[in-house]
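S.K.: Pasting in a structure now, in structure tokens, and then I'll have a few things to ask.
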Amino acid sequence: MKTINQLIHFKSIIHAKQWYRNFLLVVFLLSTSHHLSAIPPDFTTKNIKFLSKGDSLSGTIFTPKHISAAVVMVHGSGQEKRMTEFAKLLAENGIAVFTYDKRGVGESAGIYAGPEVGTNNVDASNLNLLAMDASAAVNVLFKELHNSQIPIGLIGASQAGWIIPLTAMKNKKVQFMTIFSGALITVKEQLRFQFYTNGNTKFWDTHTEEDARKHTMTDPDKYEFTDTNPLDALSKISIPGLWIFGGKDIQVPVNLSIEHLHTLKTKGKPYEYKLFPALGHNTAFSNSEEPMKEALKWMKNIKSKSSGRK
């Protein structure tokens, strides 16, 4: 009987020790979880209001602890607000970011132009206005950084491919360009191509490059407006530029755009591109992480690429 009581007593001690160890483990996990959730991000944010062409625009600056480069985000088409998730991604990788609500959208004043409200957002006057907004944002970011040695660039996708070169031509503080799926053809040519593909994701399964190019260059225009040719601005600036393309793009004729890039490169322009054959128009946020990795790697090394202007 004594032996049984001793065994019961021994087991109770073991259970007590196990319970205590489990209790300590729970406390440790809870404290660790609280500690991790309390860790601040590696960047700070600051909301900014600035003037552009008499209108007050609103945005946010993301400033990492250790900055390798800085960018102003340029919108694509649509009623786009500040791109905070994209900005966080860049800031977490050492890129300072200024992202703002497009004019007439969110907290930004001004008049938004776009098909949603029955106006033309690709007329040269609107693209130039958006470029002036981006230029004003560059000036704000330059002032907020307090360090003229940090290279400032522009980053954007799609329609931004026309706005970014215009901005870089207007503002000499711009030292590089990162463009996802931006066309190096005129606005009217791009629209001809887009109308021809008509949103068909299987377009390239049934059409050839020759066929698509013929329509891009010869189809009648559906709309009349003042056109913009990005090659005009790109031939006048000489700052590093990276274009990222998807081979299955049905909004931008990629091969034609790449041919224009090669022509500019033969003239000494420091322009580069990366082609991802399996991707479509949305190269920045596709299922593949590679396009963004390429862009981040390139921007982080931009100090050694900055070659000034001619």
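S.K.: For the range 257-274, what are the residues that are among the polar types (S, T, N, Q) and either farther than 22 Å from Pro291 by Cα or modelled with pLDDT under 95 (or both)?
M.R.: Thr263, Thr266
S.K.: Suppose the filter is in a helix (DSSP H, G or I), surrounded by 19 or more Cβ atoms within 10 Å (Cβ to Cβ), in contact with a helix residue (DSSP H, G or I) (Cβ under 8 Å, 6 or more places away or on another chain) and at negative phi; does Met292 pass it?
M.R.: Yes.
S.K.: Quick test of your reading of the structure: Ser238 fulfils all but one of (1) exposed (fewer than 14 other Cβ atoms within 10 Å of the Cβ); (2) closer than 25 Å to Gly153 by Cα. Name the failing condition by number.
M.R.: Condition not satisfied by Ser238: (1).
S.K.: Can you name the condition, by its number, that Leu279 falls short on among (1) buried (at least 19 other Cβ atoms within 10 Å of the Cβ); (2) within 28 Å of Asn126 (Cα to Cα)?
M.R.: (2)
S.K.: Is it the case, given these coordinates, that Asp249 is surrounded by fewer than 18 Cβ atoms within 10 Å (Cβ to Cβ), in contact (Cβ under 8 Å) with a residue 24 or more places away in the chain and assigned to a loop (DSSP other than H, G, I, E, B)?
M.R.: no
Residues are listed down the side, and each one gets a yes or a no for (1) among the polar types (S, T, N, Q); (2) more than 27 Å from Asn301 (Cβ to Cβ); (3) at pLDDT 95 or above:
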position	(1), (2), (3)
His35	no, yes, no
Ala38	no, yes, no
His75	no, no, yes
Gly78	no, yes, no
Thr84	yes, no, yes
Glu92	no, no, yes
Tyr100	no, no, yes
Val105	no, yes, yes
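S.K.: Sticking with this one: Looking only at helices (runs of 4 or more DSSP H) that fall completely inside the range 170-235, which ones have 2 or more residues that are more than 30 Å from Met299 (Cβ to Cβ)?
M.R.: Per the criteria, 187-197, 203-206, 209-218.
S.K.: Filtering the range 96-120 down to residues that are crowded, with 18+ Cβ neighbours inside 10 Å and of a type in the set (S, T, N, Q), which residue is nearest to the chain's Cα centre (by Cα)?
M.R.: The extreme case among them is Thr99.
The values are calculated or read from the model by the stated rules, or taken from the named source; none is laboratory data. Since we're looking at a predicted model, the values are computed, not measured. In this analysis, Cβ positions are derived from the backbone assuming ideal geometry, glycine residues included, and neighbour counts consider all displayed protein chains.
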